[in-house]
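The values are calculated or read from the model by the stated rules, or taken from the named source; none is laboratory data. The structure presented is a predicted model; accordingly, all values stated were derived computationally and were not measured. Quick reminder, even Gly has a Cβ in these numbers, built from the backbone with ideal geometry, and neighbours come from all protein chains shown.
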Amino acid sequence: MTTKPILTVKNLSITFPDNNGGLNVLDDLSFTIRPREFICFLGPSGSGKTTLLKLLAGLLKPTAGNVHFMHRHTPKIGMVFQQASLMPWRTVMENIQLPLELEGTGQTKAQNKARGMIQLVGLKGFENSLPRDLSGGMAQRVGIARALIHDPDLLLLDEPFASLDALTRERMWTELSNIWQAKQKTVIMVTHSINESLFLADRVLVLTKRPGKIKMDMEVDLPRPRTDDIRYTSHFGKLAKKLRGAIE
């Protein structure tokens, strides 16, 4: 993995105005992300994790500091939210194609790319299904495919499995890990789950309570590809204990 960063964040802070002098959400964050890294931000509720993703996506402007992308002035960014947010009147194929339609891609090319993404996320046979006919995990796979179809430079994931039951959530860790292995995209994901972050990430960055600061930047030295069994190893347990200590 190259050491030259694709993304550099320097002294990033944001304060939201209120009637009490302003709400300081993030304070002086600095970090770099290398190409094809899978990064997890871990922290308590209210530590500014979702706000950080919105800053990286350009949906919010920082109060101080900056976000710098290498190679592109306006990078392509894909984003997956806690809810799949699919259009209920569009089929799986039509939902996944949407970003390409908005870019003006021809129908035949868009459909071919969508078929490839459907194959990648394991939804073959559900191309013509509507969102109401999908399970929560399947809907999130559609959301991930939709975020990846326009070949983004950076994929941002905002607790995409938070609403799923425990068993489905754990299955989705493996699915997402496999998708990342196949596409080799740079991924930044926020989560409350220590196990989720360790199973998926190359590095885990722990945020403090608000205002969020980076308390720990830990390399996850677990072998890939990761299978479910790795969660029961002593080293996984040691890393989990280290992260838990940083959060508490």
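Some notes on this structure:
- Close pairs (9 angstrom Cβ cut-off, 6 or more residues apart or separate chains): assigned to a loop (DSSP other than H, G, I, E, B) in the stretch 45-71, of a type in the set (Gly, Ala, Ser) anywhere: GLY46/GLY212; SER47/GLY212; GLY48/GLY212; PRO62/SER13; THR63/SER13; THR63/GLY22
- Scanning the stretch 13-42 for residues that are modelled with pLDDT under 90 and on the phi > 0 side of the Ramachandran plot gives GLY21, GLY22.
- Residue check for ASP151: touching a residue at least 24 places away in the same chain (Cβ under 8 Å), surrounded by 18 or more Cβ atoms within 10 Å (Cβ to Cβ) and not aromatic (Phe, Trp, Tyr): no
- Any hit, the stretch 134-143, residues being β-branched (Val, Ile, Thr), out of contact with any Asp or Glu (no Cβ under 7 Å at 6 or more places or on another chain), modelled with pLDDT of 90 or more and part of a loop (DSSP other than H, G, I, E, B): no
- Within the stretch 81-99, considering residues that are aliphatic (A, V, I, L, M) and at pLDDT 90 or above, the one surrounded by the fewest Cβ atoms within 10 Å (Cβ to Cβ): MET87
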